[in-house]
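Some notes on the structure that comes next.
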Amino acid sequence: MLSEQVQAKTDRELKKYPADQKQSAVMAALRFVQDEKGWISSDDMADVAAYLGMPKMAVYEVATFYHMYNLKPMGKYTLTVCTNLSCQLMGANETLDHLHHKLGIGIGEVTADGKVGLREAECMGACVAAPLLTVNNKRMCSHLTPEKIDQILAELE
């Protein structure tokens, strides 16, 4: 069952759409769940589906399509590296290699202390700033170098 806070936020979001278009709030509802819990479980997706009156599969399709949703615990800080072609040409693979070396984890993994998770995204729409990553889908870090990556990691400690 969705918490009262998630329901209240979702209800505010629903006011933006016609009454017969409740499914339009699915992305926001998933974000509210993730903001509260850190990730979205299958049960959470089912609860969102029930609350918005839509098929569970439709919610699952949204949650698995977009890279901003964590479908398993990904740590306090989730680093998402863009690995689209433009970013690869500008050093995304080197960025991932550096993060793997510094953190000791690969894509889809979380550090032993549960603090940092590493993900990849197909495209973040900021090719001019490549290579880049986001921290918790909120802070974008661009023009990455090993030094900048080390600084970002130090700030997370």
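The values are calculated or read from the model by the stated rules, or taken from the named source; none is laboratory data. Here the structure is a predicted model, which means the values were calculated and not measured. Note: ideal-geometry Cβ built from the backbone for every residue, glycine included; neighbour counts use all protein chains shown.
Out of GLU109, GLU120, I need the residue that is of a type in the set (Asp, Glu), without any contact (Cβ under 8 Å) to a residue 24 or more places away in the chain and closer than 28 Å to PRO146 by Cα. Which one?
Among GLU109, GLU120, only GLU109 is of a type in the set (Asp, Glu), without any contact (Cβ under 8 Å) to a residue 24 or more places away in the chain and closer than 28 Å to PRO146 by Cα.
So which pairs qualify, if the first residue must be in region 130-157 and free of Cβ contacts under 8 Å to residues at least 24 places away in the same chain, the second must be surrounded by 19 or more Cβ atoms within 10 Å (Cβ to Cβ) and aliphatic (A, V, I, L, M), the Cβ gap must be under 7 Å, and the two must be at least 6 apart or on different chains?
If the second residue must be surrounded by 19 or more Cβ atoms within 10 Å (Cβ to Cβ) and aliphatic (A, V, I, L, M), the pairs left are MET140/LEU132; CYS141/LEU132; CYS141/LEU133; SER142/LEU132.
Suppose the filter is within 13 Å of the chain's Cα centre (by Cα), outside the structural domain of ALA129 (by TED's automatic domain parsing) and of a type in the set (Gly, Ala, Ser); does GLY53 pass it?
Spelling it out, it is not the case that GLY53 is within 13 Å of the chain's Cα centre (by Cα), outside the structural domain of ALA129 (by TED's automatic domain parsing) and of a type in the set (Gly, Ala, Ser).
Residues checked against (1) among the aromatic types (Phe, Trp, Tyr); (2) in contact with a helix residue (DSSP H, G or I) (Cβ under 6 Å, 6 or more places away or on another chain); (3) surrounded by fewer than 20 Cβ atoms within 10 Å (Cβ to Cβ):
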residue	(1), (2), (3)
TYR60	yes, yes, yes
LYS76	no, no, yes
CYS87	no, no, no
ALA92	no, no, no
THR95	no, no, no
ALA130	no, yes, no
GLN151	no, no, yes
ALA154	no, no, yes
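Would you please list the contacts, defined by Cβ atoms under 6 Å and residues six or more apart or on different chains, that run from a residue in region 41-59 that is at negative phi and without any contact (Cβ under 8 Å) to a residue 60 or more places away in the chain to a residue that is in a helix (DSSP H, G or I) and charged (D, E, K, R)?
Partner pairs satisfying both residue conditions: ALA46/LYS56; ALA49/LYS56; LEU52/LYS22.
Tell me, yes or no, whether region 106-118 has at least one residue that is more than 18 Å from the chain's Cα centre (by Cα) and either of a type in the set (Phe, Trp, Tyr) or over 20 Å from ARG139 (Cβ atoms) (or both).
So far as region 106-118 goes, yes, one or more of its residues are more than 18 Å from the chain's Cα centre (by Cα) and either of a type in the set (Phe, Trp, Tyr) or over 20 Å from ARG139 (Cβ atoms) (or both).
A quick yes/no check of all residues on (1) charged (D, E, K, R); (2) at pLDDT below 95; (3) part of a loop (DSSP other than H, G, I, E, B):
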residue	(1), (2), (3)
PHE32	no, no, no
ILE40	no, no, yes
ALA46	no, no, no
TYR60	no, no, no
ALA63	no, no, no
TYR69	no, yes, yes
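One residue is enough: does region 113-120 have a residue meeting the conditions touching a helix residue (DSSP H, G or I) at 6+ places or on another chain (Cβ under 9 Å), modelled with pLDDT under 95 and part of a strand (DSSP E or B)?
yes
Between a residue in region 14-31 that is more than 13 Å from GLY53 (Cβ to Cβ) and without any contact (Cβ under 8 Å) to a residue 40 or more places away in the chain and any residue that is in a helix (DSSP H, G or I) and of a type in the set (A, V, I, L, M, F, W, C), which pairs come within a Cβ distance under 6 Å, given they are 6 or more apart or on different chains?
Qualifying pairs under 6 Å: LEU30/ALA63.
Can you tell which of MET27, MET54 is in a loop (DSSP other than H, G, I, E, B) and at pLDDT 95 or above?
Just one listed residue meets the conditions, MET54.
How many residues, within region 34-83, are closer than 27 Å to GLY104 by Cα and not hydrophobic (A, V, I, L, M, F, W, C)?
Matching residues across region 34-83 total 18.
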